[in-house]
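This is the structure I want to talk about, given as structure tokens.
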Amino acid sequence: MSTIQEILSEFGRKTGLGNLRLNEDGLCRLVFDGTLTVDVEKTSAGFVLHSVVGQIPGTNKSEFYEMLLDANGPEQVVGQTALGIDSNLNEVLLFQNFTDMTPTYAYFEKALDTFLGEIGKWKARLSGDWENFDDSTLPPKKESGDYKPAESVIKKEPAGDFDPSKLPPGMIKA
């Protein structure tokens, strides 16, 4: 386990960026390929990654907000990411919380890579023309019975420890 400062230092060393550090406000900004910006921010319970992925449109806000809420559903969320807004700056942000945990560097590096992919996905999705919004471009809404838990919340038995006799009756079909 590492502190966020240790993780940033190692990331800077491995990427050739030098000794990255949090500033006096507990923030470190990382810019990838000149287009993807990730802010690493220390919180009282850990740290968070966040990035601006779009702007709140001037019109059709209810449809836009509905799409953002739908996007935070269990089948849409990747890892521990969530969308939010900063209404003062009129921005849509993507967050990933590392709350009450101190990840290893390897875990952080993998999570950051996934987060960067999500930033790219959301920037592309939110770059549409919300002034002339057409909801036919959105995927169909799921019915309430269509819910399946995200892969990350499904408990998996360790290899070799699975005991089919512990399954509820009717789970195994011959």
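The values are calculated or read from the model by the stated rules, or taken from the named source; none is laboratory data. Source: prediction; values computed, not measured. Every residue, glycine among them, receives a Cβ derived from its backbone with ideal geometry; neighbour counts consider all protein chains shown.
Could you list, ordered by first residue, the pairs with Cβ atoms under 8 Å in which the first is in the range 1-15 and under 17 Å from Glu41 (Cβ atoms) and the second is of a type in the set (Phe, Trp, Tyr) and not in a helix (DSSP H, G or I), at least 6 apart or interchain?
Ile4/Phe47; Ile4/Phe98
Determine whether the range 57-74 contains at least one residue that is β-branched (Val, Ile, Thr), in contact (Cβ under 8 Å) with a residue 24 or more places away in the chain, crowded, with 16+ Cβ neighbours inside 10 Å and not in a helix (DSSP H, G or I).
Among the residues of the range 57-74, not one is β-branched (Val, Ile, Thr), in contact (Cβ under 8 Å) with a residue 24 or more places away in the chain, crowded, with 16+ Cβ neighbours inside 10 Å and not in a helix (DSSP H, G or I), which makes the answer no.
If I ask for residues that are touching a residue at least 40 places away in the same chain (Cβ under 8 Å) and surrounded by 16 or more Cβ atoms within 10 Å (Cβ to Cβ), which ones from the range 33-45 would you list?
Those that are touching a residue at least 40 places away in the same chain (Cβ under 8 Å) and surrounded by 16 or more Cβ atoms within 10 Å (Cβ to Cβ): Leu36, Val38.
Another one. Of all residues in the range 98-116 being free of Cβ contacts under 8 Å to residues at least 24 places away in the same chain and loosely packed, with under 15 Cβ neighbours inside 10 Å, which is farthest from Val52 (Cα to Cα)?
Looking at residues that are free of Cβ contacts under 8 Å to residues at least 24 places away in the same chain and loosely packed, with under 15 Cβ neighbours inside 10 Å, I get Ala106.
Within the range 9-32, restricting attention to residues that are assigned to a strand (DSSP E or B) and out of contact with any Lys or Arg (no Cβ under 8 Å at 6 or more places or on another chain), which residue is surrounded by the fewest Cβ atoms within 10 Å (Cβ to Cβ)? Show your work before the answer.
First, pick out the residues of the range 9-32 that are assigned to a strand (DSSP E or B): 27-32.
Checking which are out of contact with any Lys or Arg (no Cβ under 8 Å at 6 or more places or on another chain) leaves us with 29-32.
On the way: Arg29: 12, Leu30: 19, Val31: 9, Phe32: 14.
Applying the filter and picking the extreme gives Val31.
Now for a different question. Taking the range 27-54 as the region of interest, how many residues are modelled with pLDDT of 95 or more and over 23 Å from Glu118 (Cα atoms)?
Residues in the range 27-54 being modelled with pLDDT of 95 or more and over 23 Å from Glu118 (Cα atoms): 0 in total.
While we're on this one: Give the range 75-94 a look and list any residue that's modelled with pLDDT of 85 or more and either in a strand (DSSP E or B) or in contact with a helix residue (DSSP H, G or I) (Cβ under 8 Å, 6 or more places away or on another chain) (or both), or say none. Break it down into steps so the answer makes sense when it comes.
Kept after step one, since they are modelled with pLDDT of 85 or more, are these residues of the range 75-94: 81-94.
Listed by number, the residues that qualify are Thr81, Ala82, Leu83, Gly84, Ile85, Asp86, Glu91, Val92, Leu93, Leu94.
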